[in-house]
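Trainee: Quick one: the structure is below, and I'll ask about it shortly.
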Amino acid sequence: MRPAWLRSNNTPLPPQAFASAPTLDEIMYAVNANTDRIQQLQTESATLNAEGMPALKADLAFARPNRFRLRAELFQFTGRELDLGSNDEVFWFWARRDTQPAIYYARHSQYATSGARDLIPVEPSRLLDSLGLIRFDPADRHDPPVPRDGDRLEVRSYLPTPRGDMTRVVVVDGKYGWVLEQHLYDSNGQLLLTAKASKFRFYQMDGVSLPHQIDVQVTPGQPSQMAFEVDVNSYLINRL
């Protein structure tokens, strides 16, 4: 029996990315092609859920290469609860309910070697990756795909940084090429970010697939840990 979302008359069927077990090059091509079709992305119909907070109405906008903003509020008349963003020079983070309310920010060019990394362990660009908008750089080192439970494949990549190689583990759907999971580790093996994506929808006009539920954990198990879930009703693609 087909899943309900595949039976919906309003949801076009996504194209099948792989007819058989894909190679590393085929996985990289499928994921990069989907990401590269998205130059701008916007939603004003998202809900953000985080532990200890009521559900927040959220809007998100993104334009390549570094422009991104996520804002969330309870109601219009109560004011903003969260503001996370990036422009061409800096990125920032502000939360109303922080124990020490402040705007944390850093320049992209200085982040890797600055003390800001201790306060903001993951750049907003990495959070954008959680939407499935990742790229495999052919210049990086990648292990061959390894089968996982069900029809899934795991690709482990090693990303060079001034503080040593980070390790990124990506779990890809073996049929459609969707990025289902991402796990990012620093050079010491400390887990920095886990993101799990689901409820994928194929946007036929734009030829891209995007998840509509994203569960994110930042530095899980550490004092600075943060976890939240984003549910998106629909996206506007390349028409920001």
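The values are calculated or read from the model by the stated rules, or taken from the named source; none is laboratory data. Quick caveat: nothing in here was measured; it's all calculated off a predicted structure. Reconstructed Cβ throughout: ideal geometry from the backbone, glycine too, with neighbour counts over all protein chains shown. What goes into the accessible areas is simple: the full protein's heavy atoms, side chains included, and nothing from ligands, DNA or RNA. Shrake-Rupley method; radii C 1.70, N 1.55, O 1.52, S 1.80 Å.
Trainee: Using Cα pairs closer than 8 Å and at least 6 residues apart in sequence, work out the relative contact order for the chain, in percent. Let's see the in-between values first.
Mentor: Numbers: 492 pairs, mean separation 49.0, N = 240.
20 percent.
Trainee: Using a 1.4 Å probe, how large is the accessible area of Thr113, given in Å² and rounded to the nearest 10?
Mentor: 100 Å²
Trainee: For segment 102-240, what is the charge dipole size about the Cα centre, in debye to the nearest 20, if Lys and Arg each add +1 at the Cβ and Asp and Glu each add -1 at the Cβ?
Mentor: Details: 15 positive and 17 negative charges, 44 e Å.
Computed about the Cα centre, the dipole is about 220 debye.
Trainee: Next question. Within the P(r) computed for the chain, what percentage of the Cα pairs occupies the region above 27 Å?
Mentor: 36 percent
Trainee: Could you look at the chain and say what percent of its accessible area is carbon and sulfur, using a 1.4 Å probe and all protein chains?
Mentor: Details: 6370 of 12830 Å².
Taking all protein chains in place, the chain shows 50 percent carbon and sulfur surface.
Trainee: Ignoring ligands and nucleic acids, what accessible area does His142 show with a 1.4 Å probe (Å², nearest 10)?
Mentor: In the full protein context, His142 sits at about 30 Å².
Trainee: So, one more: At 1.4 Å probe size, with every protein chain present, just tell me what the per residue accessible area of segment 86-240 comes to in Å².
Mentor: On the way: 7800 Å² over 155 residues.
Counting only protein heavy atoms, the per-residue value for segment 86-240 is 50 Å².
Trainee: If packing is taken as the mean number of other Cβ atoms within 10 Å per residue, what is the order of 60-66, 214-220, 49-55, highest first?
Mentor: Working: 60-66: 17.1, 214-220: 19.1, 49-55: 12.4.
So the peptides 60-66, 214-220, 49-55, ranked by packing, come out 214-220, 60-66, 49-55.
Trainee: What does the highest-first list of 189-197, 84-92 look like by mean Cβ count within 10 Å? Present the calculation step by step, with values, prior to reporting the outcome.
Mentor: Working: 189-197: 18.0, 84-92: 16.4.
Highest-to-lowest ranking by the protection proxy: 189-197, 84-92.
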